[in-house]
1. Could you name the lysines in cross-link range of B:Lys50, using Cα to Cα under 29 Å and dropping any fewer than eight places away on the same chain?
2. So how long is each side of region A:216-366 along the principal axes, counting just the alpha-carbon atoms, biggest first, in Å?
3. Just the number, please: buried accessible area between A and B, total of both chains, 1.4 angstrom probe, nearest 100 square angstrom.
4. Could you order B:Asp88, A:Asp141 so the one with the most accessible surface comes first? Probe is 1.4 Å.
5. Expressed as cubic angstrom per residue, what is the convex hull volume of the alpha carbon set of region A:127-185?
6. When you count, for each residue, the other Cβ atoms within 10 Å and take the mean per peptide, how do A:28-40, A:71-83 rank with the highest first?
7. So between A:Lys45 and A:Leu358, what do we pick up on full extension, going 0.36 nm a residue minus the alpha carbon distance?
8. Pull out the extension gain between A:Leu31 and A:Ala265, defined as 0.36 nm times the separation in residues minus the alpha carbon to alpha carbon distance; nm, one decimal.
Amino acid sequence: MPYASVFKDEAKLDINYTPSKLQHRDSQMKLLNQYFRHATETPGKMTQRVIIIGKVGTGKTVLAQHLGRNIMREAHKRNINLHYIHVNCRQKKGSFFLILQQIVTQFHPTFPKRGYSAEELLQVLMQILDEQNIYLIVTLDELELLIQNEGSDPLYKLSRIEEDRSKAFRRFSLICILRELSWLDKLDESTRSTLQSNIIQLDAYTQMQLQDILNDRVALAFKQGTISSETITLAAELGEEEGGNARYAIELLWRAGKYADTEEAKEVLPEHVRKAAGNVYAGIRRDEITALDFHTKLFLLGIARRFQQTGGVHLSMGEAEEAYAIACEEFDEKPRGHTQLWKYTQELSSFGVIKAELSAGGQRGKTTLIGLPRIAAVDLEKELNKALQHAKRRYAQ
Amino acid sequence: MKVEDVFSSKGKVRIMRILSEIGELNISDIARRARLNYTTTNEHLQMLEKAGLIKHKSFGRIRIYRFNEESAKAKAVKDLMEVWEQEDNGAYPERV
């Protein structure tokens, strides 16, 4: 008999899948609903700003998306033209302009891509909202990237946009998603004060909570009887060790299922989860690597390879640049200059993929030292090779 | 504007075909797709707008053009464009 996969629907384990039921976030969901009650009860009277804080994999994104889904349904019933738009700042490379562009193109898909500034685009957005009588809730996910890239300015403008329109209906509400509250310290006083009033904190999931979440997903993604409760418990345990990270635990199960499939096993065993745990790195997501631009990937590939060759703790910036140049040659790309590479280093360091620090004394002059504290270089290289091949195919088409 | 003035101009017809396909667009985009220069495109657009076939909306410096849904004339032209394209793409069986 030909082998049948253990999966029923793999997509249910995908990072972009929003489950219909939200486990163990009832009180936070209630609070968030409470904050936005006015949007369907007295639209136009006030706007809201909410910050959701929590570590990786604690349900921030899913919480906001649930609000979006529920509130659009409610608004529809009441004939209110309310839209919810979820923007991931990382995918928009932390650019205020690209973030606004994504929002505007929801209403005007062929809106020109160039030829105006972010400020103009914000004005355009408000004009669209007014003219079409739209109320809007925007979630800025992974807001760190926008703050890092453009500082206080965009948030200041967003938080004050309604104040310049004293008589008009209030149409624009904002949800900010951050991993740590300390990012707000980087904002100026006045922006911080307008944002900081409503904060929802998501704590790490416990093992039992993770188990409930995993059980839900397993029922959707795996065929019945292909995964034992033992296996799920182990994934939950590992998820808790990684700081209550549900996303990590879910990805573990997905990979474990993949291993089971390659071995043509009938059941996903704890051993498959263990094997997967050796390969999934909690701090970095697959989609984070795919989202990097082509040359950033090449740069990282160079670094990963050089670490395997040297086996050392650090690379100097010079060594990293050399390794990158070799990777470029292999992919037939013209290498980017030093300044650009320095920017890549900062970017990667802020994601936590690498650690960049300034060399202190001992050597002549100063250089940036690059460390790779969280992932095995071999695994990183594998992941990058896959992503690069994929990107190149797309590039060629 | 007389009907022959609109349909005798390749540029105008091309612009209307593009707008019926895409829905709404700014001048530069229309010019690029119609392979016309900016000035010519702008002239065509102004004449078509005068004839009531299309209308524009301004967002600051940006002007976005679309068919004028309130005009029966415009609706008829838009329908013509759509039917023409669909038949050419084989959406309707050839009539013998």
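1. Leaving aside lysines fewer than 8 places away in the same chain, those within reach of B:Lys50 are A:Lys113, B:Lys2, B:Lys10, B:Lys12, B:Lys73, B:Lys75, B:Lys78.
2. That gives 61, 35, 25 Å along the principal axes, largest extent first.
3. About 1000 Å² of accessible surface is lost on pairing.
4. Most to least solvent-accessible, the answer reads B:Asp88, A:Asp141.
5. In region A:127-185, the Cα convex hull volume per residue is 90 Å³.
6. In descending order of packing, they fall as A:28-40, A:71-83.
7. 107.6 nm
8. The span from A:Leu31 to A:Ala265 would gain 79.8 nm if fully extended.
The values are calculated or read from the model by the stated rules, or taken from the named source; none is laboratory data. None of these values were measured; they are calculated from a predicted model. Note that each Cβ is placed from the backbone with ideal geometry, even for glycine, and that neighbours are counted across all protein chains shown. Ligands, DNA and RNA are excluded from the accessible area calculation, which covers all protein heavy atoms including side chains. Shrake-Rupley method; radii C 1.70, N 1.55, O 1.52, S 1.80 Å.
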